[in-house]
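Just below is one structure, and these are the notes that go with it.
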Amino acid sequence: MCGIFGYVGRRVDAGSLAIDGLKSLEYRGYDSWGVACKTGNTLTIQKETGKISAVDPADFGTACSIAIGHTRWATHGGVTKENAHPHLNETSTIAVVHNGIVENYEELKEDLKRKGHTFRSDTDSEILPHLIEEELKTRDANTEKSESVSGDFTAAVRRACLRLSGRYAFLALHTESQTLVAAREGSPLIIGVDTDGYFIASDIPAFLAHTRTVQYLDDGEMIATDGKTILFLDIRTGHEVRKREIEISWSVKQTQKGEYRHFMLKEIMDQKDSIARAINQDEEEIRTIAQAIKHAQGTFLVGCGTAGKACVAAEYFFSVLAGHHVNYAPASEFKLFHHFLKPESLLIVVTQSGETADVLEAMKIAKAKGSKVLSIVNVQGSTVARESDYTLLINAGPERAVASTKALTGQMAVLLLIAYALADKLQEGKLLLLETSEMINDMLNPRYVEHLEALADTIKRHENLYIIGKSWNYPMALESAIKIQEVSYIHAEGFAGGELKHGPIALIEKGTPCIVLTGKDEVTADILSNARELSARGAFIIGVSPERKEVFDEWIKVPDAGAAQAIVNIIPIQILAYFLAVKRGKDPDMPRNLAKSVTVK
Ligand code: F6R
């Protein structure tokens with residue numbers, strides 16, 4: 001959701017660093033932004049509505065070696081300058097940027113109002129600086145007395161945290177202290193360790209240009225750093241926690257658009273090699289995981305949105321290839337199925353970011369029942385990756401566009417590999433996926449992309465679009481709909497082909513674009529028959545298929561990839577969705593109302 005960034009250290013351009021860092025977090029929220037810089041004992045606050053991409057870091061030239069910043073995705077309160085972060089306390093001595101939701105904010109706000117605090121915004125976040133201020137006042141009544149203002153400030157933040165319920169990650173500054181304090185419960189915060197100081201951000205790309213050495217803050221922990229040293233504390237006990245430094249493998253180049261106009265297109269094109277990276281897994285580990293699935297008493301799959309569609313595809317992979325039954329539920333629905341979890345059950349969690357709140361909640365439920373958790377994750381070191389019993393990284397590299405593309409195909413490739421291992425055919429699966437990766441590399445040539453651009457031009461004025469598929473192409477029909485909806489705002493819906501005649505076919509009018517996803521397998525005849533039912537009602541049929549069929553008004557050729565057909569078929573639709581957005585004048589990287597990492601429930 002929101003992106004937060006902080007720096008403290010020897011550098012004196014902390015304001016510009018914050019702007020640059022926030023720009024690379026803009027995919028997490030882009031309705032407003034703000035920065036607080038501290039020079040001497042003065043806080044300078046700047047905040048605005050709109051996107052931070054338009055801001056020039058050079059405008060933040062005032063010498064300052066400690067700054068915090070925020071890019072917002074509104075939850076409580078509309079998109080206004082007042083609601084933008086940083087928020088201040090009553091005396092404007094404490095600045096806070098916050099990601100998450102303080103669930104008990106109403107009760108805390110009432111209490112603070114009774115104590116004389118006034119509030120300027122409609123946000124839950126604004127209570128944080130006021131609460132810290134109140135806790136600073138009460139320090140004398142506490143056992144946690146400190147020799148320094150910084151020590152008092154850190155202790156006050158800790159006590160404030162103890163009064164919060166909900167999910168949060170926040171950074172706090174005080175005019176009288178050179179210490180930056182941060183705390184985490186449920187929303188991500190990562191520390192970048194540089195020779196000159198410390199970065200603290202919601203995600204690694206924010207400081208990747210400066211350091212690849214990171215330390216992870218876990219739930220229930222906080223830090224206090226003056227730029228020279230850093231102290232990790234357990235919020236509940238106040239005791240120090242030891243942390244390792246970890247080197248991450250992402251490069252700055254991977255986080256940039258390069259020759260592309262948008263991250264979405266760049267990431268679609270990354271699929272020329274990201275699938276090969278995804279299946280480059282330790283074979284013994286894949287076999288161990290297959291055994292764990294085989295022997296589990298109930299295997300459950302959870303994910304959200306696009307990752308959820310990879311899970312539905314996996315239900316087909318496991319059933320068709322290995323005759324094994326697994327159960328999918330959207331992560332947000334999973335708690336209703338908790339009765340079926342046992343210590344011998346296995347939960348497979350699929351997530352790009354590894355920080356999605358609903359997914360973390362599902363994991364918590366499974367762990368409470370003693371079940372084991374396998375995660376298929378893109379972001380190394382994310383909460384899901386760190387808290388799972390087994391983790392498989394898909395190695396897609398950073399995914400910046402809000403619309404997930406290369407992460408999906410990486411997730412499906414790993415799930416397909418596991419299904420083959422479950423059928424004792426790991427090598428066969430690996431070979432198929434390697435061939436598929438090569439075929440995708442061939443397919444993604446400029447002529448292919450131009451064809452899809454031209455098709456987008458033909459259909460861009462339609463307000464309704466339908467997609468059908470069968471077997472593993474059914475979840476891809478659902479995924480096609482998400483991709484088209486979220487970036488182009490066309491009303492798109494995906495269906496299982498056989499379901500049409502049970503209702504949705506009433507929506508078809510003359511010229512309605514309908515995409516038919518198919519391969520060359522035992523369900524092809526059925527889906528083509530569904531396509532003919534649509535054609536007979538006047539639909540404009542766009543076939544995504546290895547072969548041209550007479551029912552297609554327009555044919556998007558894809559390679560014949562057998563059991564990996566779903567992975568291949570979704571790619572032209574990602575490109576089509578991209579061009580539909582661009583041709584309708586929308587920014588595909590920043591769709592309205594959406595944020596990349598959904599860290600609220
Ligand atoms: C859609 C999209 C979302 C995510 C969903 C889960 O293009 O990106 O539907 O797939 O929010 O996110 P992760 O995979 O990070 O858990």
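The values are calculated or read from the model by the stated rules, or taken from the named source; none is laboratory data. Keep in mind that this is a model prediction, so the values were computed, not measured. Backbone-built Cβ (ideal geometry, glycine too); neighbour counts: all protein chains shown. Areas reflect the complete protein model, heavy atoms only, side chains present, ligands, DNA and RNA absent. Shrake-Rupley method; radii C 1.70, N 1.55, O 1.52, S 1.80 Å.
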message: I'm trying to understand the selection: among the residues of the stretch 288-304, which are under 25 Å from the mean Cα position of the chain (by Cα) and either more than 14 Å from the ligand (Cβ to nearest atom) or open to solvent by 40 Å² or more (accessible area, probe 1.4 Å) (or both)?
response: 289, 299, 300, 304
Where residue 63 falls short, out of the listed (1) open to solvent by 10 Å² or more (accessible area, probe 1.4 Å); (2) more than 27 Å from the chain's Cα centre (by Cα); (3) within 15 Å of residue 96 (Cβ to Cβ): (3)
- request: Select from the stretch 224-276 the residues that are within 30 Å of residue 181 (Cβ to Cβ) and hydrophobic (A, V, I, L, M, F, W, C) and list them in ascending order.
  value: 224, 230, 231, 232, 233, 235, 241, 246, 248, 250, 252
message: Let me confirm something: among 32, 24, which residue is more than 17 Å from residue 123 (Cβ to Cβ), surrounded by 24 or more Cβ atoms within 10 Å (Cβ to Cβ) and of a type in the set (Ser, Thr, Tyr)?
response: 24
Members of the stretch 442-493 found to be away from the ligand (no atom under 16 Å from the Cβ) and part of a loop (DSSP other than H, G, I, E, B), listed by number: 444, 445, 460, 461, 462, 463, 470, 471, 472
field: the stretch 373-395, residues that are away from the ligand (no atom under 12 Å from the Cβ) and touching a residue at least 40 places away in the same chain (Cβ under 8 Å)
entry: 374, 380, 381, 386, 390, 392, 395
message: So in the stretch 177-214, with the set limited to residues that are open to solvent by 10 Å² or more (accessible area, probe 1.4 Å) and more than 21 Å from residue 23 (Cα to Cα), which one is nearest to the chain's Cα centre (by Cα)?
response: 185
- request: Tell me which residues, restricted to the stretch 355-383, are open to solvent by less than 10 Å² (accessible area, probe 1.4 Å) and modelled with pLDDT of 95 or more.
  value: 359, 362, 363, 366, 371, 373, 374, 375, 376, 377, 378
- prompt: Which of the residues spanning the stretch 220-253 are open to solvent by 60 Å² or more (accessible area, probe 1.4 Å) and within 22 Å of the chain's Cα centre (by Cα)?
  reply: 247, 249, 253
message: I'm checking my understanding of the structure. Among residues of the stretch 396-408 that are more than 10 Å from the ligand (Cβ to nearest atom) and modelled with pLDDT under 95, which one is farthest from the chain's Cα centre (by Cα)?
response: 397
message: With the requirement that a residue be modelled with pLDDT of 95 or more, among the aliphatic types (A, V, I, L, M) and in contact with a Ser or Thr (Cβ under 6 Å, 6 or more places away or on another chain), what does the stretch 206-255 give you?
response: 224
message: Would you confirm whether or not the stretch 251-267 contains a residue that is touching a strand residue (DSSP E or B) at 6+ places or on another chain (Cβ under 6 Å), in contact (Cβ under 8 Å) with a residue 12 or more places away in the chain and of a type in the set (A, V, I, L, M, F, W, C)?
response: no
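Take the conditions in contact with a helix residue (DSSP H, G or I) (Cβ under 7 Å, 6 or more places away or on another chain) and open to solvent by 50 Å² or more (accessible area, probe 1.4 Å) and apply them to residue 457. Does it pass?
When the stated conditions are applied, residue 457 passes them.
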Complete set of residues in the stretch 553-601 that are part of a loop (DSSP other than H, G, I, E, B), farther than 23 Å from residue 50 by Cα and either touching a Lys or Arg at 6+ places or on another chain (Cβ under 7 Å) or open to solvent by less than 50 Å² (accessible area, probe 1.4 Å) (or both): 558, 559, 560, 561
